[in-house]
Amino acid sequence: MSDPKIEGFNFKPGFKGMAEDTGSDQTMFKGVHWGKAMMWIFLLSDTFVFSCFLISYMKGRGSTPVEWPNPSEVFALNAFGVPVPLLLIAIMTFVLITSSGTMALAVKYGYERNRKMCGWLILATAIGGLTFVGMQAFEWSKLIHEGVRPWENPFGAAQFGSFFFMITGFHGTHVSIGVIFLFIYSYKVFAGHYESGKKGWFTSMKGDYVEIEILGLYWHFVDLVWVFIFAFFYLW
Amino acid sequence: MEETNKKEQTSTHKIGIYLWIWGLLFVLSFFSYMVDWYQFQGLLRWSLILFFMFLKAGLIMAFFMHLFWERYALVNVLLWPMTAIACFIFLMVAEFKYTLFSRIFYFAVGGGI
């Protein structure tokens, strides 16, 4: 999104441009809003948190001589009397991707100053996220009824429960926080805060539709993490 | 000053690119679900899972998170730290193999030696 133009400064593309940006004795990320740079750096640190969880899961699963529970049986759901493997997880994946798509469009319409469209799309994203959290709550309660605990489970290796609750719980927390902010921002967009120049979060500067892009970065990151959890925890 | 400049020249991308990526993500998710549906096993399963995973992650980061259009200063700051994660994975694979080996070994021969 950043194709910056600053007077008296000649932007070069690629690695040469990177060397000049970095050594320009000025702001390093040219044309990038400070909030966006901060969000990216937060997301980088969050990447490390989730990586540590997934790596510890790999280490736990790899180092136990006991058979690991088969996720395609554990997470199967009965549809019309037939157990369908990973049915709920597949639906959750599609719901999250749908909400990621609506968010991407919301960012686009925000930059085009299409206030109504942007607001509705953020609201749709929030409802998608809420649906996801709801289905995750259903999945948790189903597994808890079946006797899965952080310290034991009836399906196999005892470590399964602790990794499952830790990883999906931390991801679900991220989704929930995202949903709260999506509702707040859909209100802000509908109320026209970015047209009236109301000040943004944690700052006395005027708010702008770049905040929607920052919110979008967070939301896409939540989807991104789910891609990895889906692959490593549910499919592997 | 930079602020005002930026606001005027913010350009958006055509809606088509987002819809294409969106569609691709659906198709790739469907494929990765099919990996489980048809119960592929062994190396084929793992390579397919990783292939679809990295493709999806790449599409989300490049287009939905706009990294494809960002300047290299930002892209490189974000992507190079991933090599540290790769190193960590490499170390922990060695670690879990050793743990598994010593568990199986001592469960078999007992702790008396």
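Read the figures in this text as sums done on the coordinates, not as results from a lab. All values derive from a computational prediction rather than experimental measurement. Using ideal geometry, Cβ is built from the backbone for each residue, glycine included, and neighbour counts are taken over all protein chains shown.
Close amide H contacts of A:Val84 (hydrogens built in the peptide plane, cut-off under 5 Å, sequence separation of 5 or more or a different chain): A:Leu77, A:Asn78, A:Ala79.
Ranking A:Val107, A:Trp219, A:Ala79 by Cα position along the charge dipole of chain A, where only Lys, Arg, Asp and Glu carry charges on their C-beta atoms, puts A:Val107 farthest toward the positive end.
A Gaussian network model of chain A, with springs between Cα atoms under 10 Å, assigns the largest mean-square fluctuation among A:Thr125, A:Thr168, A:Thr203 to A:Thr203.
Mean partner shielding of peptide A:64-77, defined as the number of other chain Cβ atoms within 10 Å of each residue Cβ, is 1. Residues B:Tyr38, B:Tyr33, B:Tyr72 in ascending order of nearby Cβ atoms (within 10 Å, fewest first): B:Tyr38, B:Tyr72, B:Tyr33. Pairs of Cα atoms nearer than 8 Å and 6+ residues apart set the relative contact order; for chain B it is 20 percent. Under 14 Å from the Cβ of A:Phe163, count the other residues' Cβ atoms, weight Lys and Arg +1, Asp and Glu -1, and hand me the total. Cβ neighbours under 14 Å give a net charge of +2. Taking a ≥ b ≥ c as the square roots of the eigenvalues of the Cα gyration tensor, chain B is classed as oblate, since a/c reaches at least 1.5 and a/b does not exceed b/c.
What is the helix-to-structure angle for B:82-109, meaning the angle in degrees between its Cα long axis and the longest Cα principal axis of chain B, kept from 0 to 90 and rounded to the nearest 10? For B:82-109 against chain B, the angle is about 20 degrees.
Going through the cross-link list A:Lys16/A:Lys199; A:Lys108/A:Lys206; A:Lys30/A:Lys199; A:Lys36/A:Lys198; A:Lys12/B:Lys14; A:Lys36/A:Lys142, which pairs have a Cα-Cα distance over 29 Å in this structure? Violating the 29 Å limit, Cα to Cα: A:Lys16/A:Lys199; A:Lys36/A:Lys142.
Counted by neighbouring Cβ atoms within 10 Å, the residues A:Ile122, B:Ile17 run from fewest to most as B:Ile17, A:Ile122. Spatially, the stretch A:99-115 and the stretch B:66-85 are offset by 23 Å when compared through their Cα centroids.
With helices as the sole contributors, the protein assembly as shown gives -23500 deg cm²/dmol at 222 nm; each DSSP H run of n ≥ 4 counts as -39500 (n - 2.57), and the sum is divided by every residue.
Of A:Gly60, A:Gly216, A:Gly178, which has the largest mean-square fluctuation in a 10 Å C-alpha GNM of chain A? So, out of A:Gly60, A:Gly216, A:Gly178, the one fluctuating most is A:Gly60. Here the Karplus curve 6.51 cos²θ - 1.76 cosθ + 1.60, taken at θ = phi - 60°, turns the phi angles of the stretch A:91-108 into couplings of 4, 4, 4, 5, 4, 5, 5, 4, 5, 5, x, 5, 5, 4, 5, 4, 4, 4 Hz, with x standing for Gly and Pro. Please work out the FRET efficiency for the pair B:Trp20 and A:Glu20, using the Cβ-Cβ distance as r and a Förster radius of 35 Å; give the result to the nearest 0.05. That pair, B:Trp20 with A:Glu20, gives E of 0.60. Which shape class applies to the protein assembly as shown: rounded if a/c is under 1.5, otherwise prolate when a/b exceeds b/c and oblate if not, where a ≥ b ≥ c are the square roots of the Cα gyration tensor eigenvalues? Verdict is prolate for the protein assembly as shown. Relative to one another, the C-alpha centroids of the stretch A:201-235 and the stretch A:55-96 are positioned 25 Å apart.
Along chain A, the exposed loop sites are GluC sites (Glu not before Pro) outside DSSP states H, G, I, E and B with at most 10 other Cβ atoms within 10 Å, and the longest stretch free of them is A:68-236. About its Cα centre, the dipole of the stretch A:26-235 is roughly 740 debye, where the only charges are +1 on Lys and Arg Cβ and -1 on Asp and Glu Cβ.
Sorted ascending by nearby beta carbons within 10 Å, beginning with the fewest, A:Cys118, B:Cys87, A:Cys52 become B:Cys87, A:Cys52, A:Cys118.
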